[in-house]
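One structure below.
The values are calculated or read from the model by the stated rules, or taken from the named source; none is laboratory data. It should be emphasised that the depicted structure is a prediction, and the values quoted were computed from it without experimental measurement. All Cβ positions, even for glycine, are placed from backbone atoms using ideal geometry, and neighbour counts span all protein chains on display. Just so you know, the surface numbers come from the protein's heavy atoms only, side chains and all, with ligands and any DNA or RNA stripped out. Shrake-Rupley method; radii C 1.70, N 1.55, O 1.52, S 1.80 Å.
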Amino acid sequence: MNLELLESFGQNYPEEADGTLDCISMALTCTFNRWGTLLAVGCNDGRIVIWDFLTRGIAKIISAHIHPVCSLCWSRDGHKLVSASTDNIVSQWDVLSGDCDQRFRFPSPILKVQYHPRDQNKVLVCPMKSAPVMLTLSDSKHVVLPVDDDSDLNVVASFDRRGEYIYTGNAKGKILVLKTDSQDLVASFRVTTGTSNTTAIKSIEFARKGSCFLINTADRIIRVYDGREILTCGRDGEPEPMQKLQDLVNRTPWKKCCFSGDGEYIVAGSARQHALYIWEKSIGNLVKILHGTRGELLLDVAWHPVRPIIASISSGVVSIWAQNQVENWSAFAPDFKELDENVEYEERESEFDIEDEDKSEPEQTGLQDVLDCIAITRLCREAFLKNFHATCFSLARCAGLPGLMLQRTRKWMSPVWILLLLSVAEDPEENPYGPPPDAVQTSLMDEGASSEKKRQSSADGSQPPKKKPKTTNIELQGVPNDEVHPLLGVKGDGKSKKKQAGRPKGSKAGGAISELL
């Protein structure tokens, strides 16, 4: 079907809740594959739950990490999955087998991982308090991307739609556009507020279609730019955003923003509550606000790449938002009529009777049944005699009778004659097409030995050893090693010495996730 033709009718954004996906453990992040058939969900116990989005069932569970999963990304072909956990580990997984292909250990927490849109051998990693790093999986090498200010290392980065350029943004509002292959600076500009003040860049997201991208900043405004204009302006340019999206009433800060599958809508999740704001990109007007359970905090938002469906995470549960489906039963039954009001129906004679009392008696077919039985009996007798003649002929041949008697055996069908043939044929002819008795006995002995070995291996519980993944340590200069991931931090305990001094010994930072959620 022509998908664009179907999408031209009606709105292409969700309107109401359409159920939830419970991963048993608490969900933290989610992402769709390229076709929207699978949804990968990272949980706080380190597992990755892959949902079949067509059936809304769990397709696979990968025991990926020990610590919570904080970021996920699918490869272009959908066969690989890269994940990051709060213990500074980045791993690549084979989706079908669930095995870990490679593992990288960073000195600081990982905020984001992203595959190259066209080359799944490259992965972009955004460590905390460090410049972005581009990994090459084939040779386990890494390249540190250049930054605008070495003193400001709060940098976020993202590939563009085709992976030709890398866009980076820092806490001073400076955006750098780097060539992916050579890391050369191509263009740059600074995001400013109404005055000359700058604002920090929180995230950069690109649309799946077109050249537009959005920038989520700390001043609670979402700015939409055209990538072609950015490249045209060059270094230190001053491009104007296509749209500025914000909540003028509540001044809501945004936790996560992304484009729709067709790039015509933008959804932003509130950082204060479970609420989704949807804007139309071309006009910039707010078209819908989806409210979740009151009092819950939003963690992640993902828009389906093909359909008008949104997946959001709050309180460890994945919520699905979709359009209101109107039932049309006439599509299944052509003669079905939809009525605006009740109509009196006149029942036909014997229409709803269990047994029709007025039906005519069936004709007597007893003679035909008898004739059919006779015909079947005759066929069975002929088949029996044919098999019986063949049996007698083979017995006579085994007994070594001459050719004349072999011809006459077709007429000798008495049981006495059969017993005589069996007594004469003491040493029947061996099967010329089967294996010799010695070979059969040897094969039986081999099968017994192999089954005994299988039984012993199953009793011992031994399995073929799995290939241990290669772990590569990534060394970054000037990066602090004592940073804590934002998922594990609680307000007031990051920089306050009094809070840390009053904290009981032996408590783990991982327990703060429940308080945050």
Just one of the numbered conditions (1) touching a Lys or Arg at 6+ places or on another chain (Cβ under 9 Å); (2) surrounded by fewer than 20 Cβ atoms within 10 Å (Cβ to Cβ); (3) closer than 26 Å to residue 64 by Cβ; (4) without any contact (Cβ under 8 Å) to a residue 60 or more places away in the chain is not true of residue 138; which one?
(1)
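Report, by residue number, each residue of the stretch 236-254 that is of a type outside the set (A, V, I, L, M), open to solvent by 50 Å² or more (accessible area, probe 1.4 Å) and part of a loop (DSSP other than H, G, I, E, B). Write out each step before concluding.
Step one: list which residues in the stretch 236-254 are of a type outside the set (A, V, I, L, M), which gives 236-241, 243-244, 246-247, 250-254.
Within this subset, residues satisfying the condition of being open to solvent by 50 Å² or more (accessible area, probe 1.4 Å) are 236, 238, 240, 244, 246, 250-251.
Result: 236, 238, 240, 246, 250, 251.
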Of all residues making up the stretch 159-170, the number that are in a loop (DSSP other than H, G, I, E, B) and either surrounded by fewer than 18 Cβ atoms within 10 Å (Cβ to Cβ) or touching a residue at least 40 places away in the same chain (Cβ under 8 Å) (or both):
5
With the structure loaded, tell me whether residue 98 is in a loop (DSSP other than H, G, I, E, B) and in contact (Cβ under 8 Å) with a residue 40 or more places away in the chain or whether it fails that test.
no
Kindly indicate whether residue 301 is among the β-branched types (Val, Ile, Thr) and either crowded, with 17+ Cβ neighbours inside 10 Å or over 10 Å from residue 13 (Cα atoms) (or both).
yes
Close pairs (7 angstrom Cβ cut-off, 6 or more residues apart or separate chains): without any contact (Cβ under 8 Å) to a residue 12 or more places away in the chain in the stretch 171-197, surrounded by 14 or more Cβ atoms within 10 Å (Cβ to Cβ) and not in a loop (DSSP other than H, G, I, E, B) anywhere
184/178
Looking across the stretch 153-212 at residues that are among the aromatic types (Phe, Trp, Tyr) and out of contact with any Asp or Glu (no Cβ under 9 Å at 6 or more places or on another chain), the single one that is farthest from residue 112 (Cα to Cα) is 165
Screening 143, 156 for residues that are open to solvent by 10 Å² or more (accessible area, probe 1.4 Å) and over 21 Å from residue 207 (Cβ atoms) leaves only 143
Based on what the data block shows, is residue 108 within 19 Å of residue 488 (Cβ to Cβ), open to solvent by less than 10 Å² (accessible area, probe 1.4 Å) and modelled with pLDDT under 95?
yes
For residue 293, which of the numbered conditions (1) under 19 Å from the mean Cα position of the chain (by Cα); (2) open to solvent by 80 Å² or more (accessible area, probe 1.4 Å); (3) not charged (D, E, K, R) fails to hold?
(1)
For the stretch 178-193, indicate whether the set of residues that are open to solvent by 30 Å² or more (accessible area, probe 1.4 Å), in a strand (DSSP E or B), within 21 Å of residue 252 (Cα to Cα) and not hydrophobic (A, V, I, L, M, F, W, C) is non-empty.
yes
Tell me, please, whether a residue that is in contact with a Gly (Cβ under 8 Å, 6 or more places away or on another chain), assigned to a strand (DSSP E or B) and among the small types (Gly, Ala, Ser) can be found in the stretch 293-308.
no
Run down 228, 223 and say which single residue is under 16 Å from residue 178 (Cα atoms) and either assigned to a loop (DSSP other than H, G, I, E, B) or of a type outside the set (Phe, Trp, Tyr) (or both).
228
For the stretch 27-72, what are the residues that are polar (S, T, N, Q), crowded, with 21+ Cβ neighbours inside 10 Å and in contact with a Cys (Cβ under 7 Å, 6 or more places away or on another chain)?
29
Kindly indicate the residue of the stretch 194-223 that is β-branched (Val, Ile, Thr) and more than 13 Å from residue 158 (Cβ to Cβ) and also most open to solvent (accessible area, probe 1.4 Å) among those meeting that condition.
195
Specify the residue that is surrounded by the most Cβ atoms within 10 Å (Cβ to Cβ); the eligible residues are those in the stretch 73-105 that are under 22 Å from residue 138 (Cβ atoms) and of a type in the set (Ser, Thr, Tyr).
83
Please determine, by comparing only the residues of the stretch 16-26 that are surrounded by 15 or more Cβ atoms within 10 Å (Cβ to Cβ) and assigned to a loop (DSSP other than H, G, I, E, B), which one is modelled with the lowest pLDDT.
23
